[in-house]
Amino acid sequence: MVVVTPSASKRHNRLARLLANALDLAAGPEWNADTDFDVRLQDVPLTNRRPDVVVYRADTIDISPTRPQHVLLIVEVVSPGSETTDRVVKVDQYAKAGIAFYWRVEQAATGIPLVYTYVLDPAVGSYRDTEVFTGEVKATAPFPVTVDLGAL
């Protein structure tokens, strides 16, 4: 089945890029943060996802496909039409794949993004809530990072 989705908005892409840039700077030499590539969640049935931002082990930059064991954090920016996929489907798939951290960015009606952060609870195989940020992200996990998304 082929599913066609409209291109992301400029605001969506900018949010993803700002987060990727901040995460890349904060992550240190062991991790990279990038956009626009697939993560192979499982081989059978074949399940690939293209998150908005992926923080992955720097030493795996030339390994393809990128697999869950290479990934530390995935960020999804929710857009109209992707709400259920980003809030329910993807988060469940990422947790089952064992990805330690998940962030979801909601584009609020006020124009100031909300960032929901989650950490994997391996005992139950699902994420638990950690922090919620409005505009400015000052996260401590998976590593300290600060980024002002309210200045868009």
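Only the coordinates and a few stated rules stand behind these numbers; no lab work does. Keep in mind that this is a model prediction, so the values were computed, not measured. No Cβ is skipped: glycine too gets one built from the backbone with ideal geometry, and neighbour counts run over all protein chains shown.
Within the option set Thr117, Thr110, being assigned to a strand (DSSP E or B) and among the hydroxyl-bearing types (Ser, Thr, Tyr) holds for one residue only, Thr117. Taken over the range 36-55, the criterion of being in a strand (DSSP E or B) and either surrounded by 20 or more Cβ atoms within 10 Å (Cβ to Cβ) or touching a residue at least 60 places away in the same chain (Cβ under 8 Å) (or both) is satisfied by Val39, Leu41, Val53, Val54, Val55.
The set of residues from the range 59-86 being exposed (fewer than 14 other Cβ atoms within 10 Å of the Cβ) and either in contact with a helix residue (DSSP H, G or I) (Cβ under 8 Å, 6 or more places away or on another chain) or not hydroxyl-bearing (Ser, Thr, Tyr) (or both) comprises Asp59, Ile61, Asp62, Ile63, Pro65, Gln69, Pro80, Gly81, Glu83.
This table checks each residue for (1) part of a strand (DSSP E or B); (2) of a type in the set (Gly, Ala, Ser); (3) more than 17 Å from Pro51 (Cβ to Cβ); (4) in contact with a Ser or Thr (Cβ under 6 Å, 6 or more places away or on another chain).
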position	(1), (2), (3), (4)
Leu73	yes, no, no, no
Lys90	no, no, no, no
Tyr127	yes, no, no, no
Glu131	yes, no, yes, yes
Thr146	yes, no, yes, no
